[in-house]
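The values are calculated or read from the model by the stated rules, or taken from the named source; none is laboratory data. Owing to the predicted nature of the structure, the values given are computational and were not obtained by experimental measurement. Here Cβ is always computed from backbone atoms with ideal geometry, including for glycine, and neighbour counts include all displayed protein chains.
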Amino acid sequence: MFFYCSSRKQVVKARQQADTSPAESAPSMWAVMSEMYAKEGAGAFVAGMGAKLSQTVSNSAFMFLLYEEILAVIVRTTGGSK
């Protein structure tokens with residue numbers, strides 16, 4: 001659930017920063033959210049979720065694989081058991 005909430009905040013923050021030139025002040029978060037919803041609907045808040053989820057899952061799988069391989073090397077070299 002935290003991932004879902006923090007990801008939405010990042011989407012709004014990125015839009016907020018992209019719509020601002022250095023000379024002007026940034027629009028409020030609520031203004032950006034209202035504009036996003038009015039122009040693009042609720043789907044604007046979950047855009048890119050598939051790509052981020054793919055990144056997170058593949059990263060976790062790689063870390064688990066690496067952990068298991070390192071553990072296997074340690075067990076083989078020390079002659080111990082898991």
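Restrict the check to the stretch 28-40 and report whether at least one residue is modelled with pLDDT under 80 and outside any helix (DSSP H, G or I). Can you show your working first?
Residues of the stretch 28-40 that are modelled with pLDDT under 80, as a first pass: none.
The answer is no, given that none of the residues of the stretch 28-40 is modelled with pLDDT under 80 and outside any helix (DSSP H, G or I).
Looking at 36, 29, which is the one that is assigned by TED's automatic domain parsing to the domain that holds residue 13, in contact (Cβ under 8 Å) with a residue 24 or more places away in the chain and either surrounded by 10 or more Cβ atoms within 10 Å (Cβ to Cβ) or touching a Cys at 6+ places or on another chain (Cβ under 8 Å) (or both)? Break it down into steps so the answer makes sense when it comes.
Numbers: 29 fails: in contact (Cβ under 8 Å) with a residue 24 or more places away in the chain.
Exactly one residue qualifies, and that residue is 36.
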So how many residues does the stretch 39-72 have that are exposed (fewer than 10 other Cβ atoms within 10 Å of the Cβ) and among the hydrophobic types (A, V, I, L, M, F, W, C)?
2
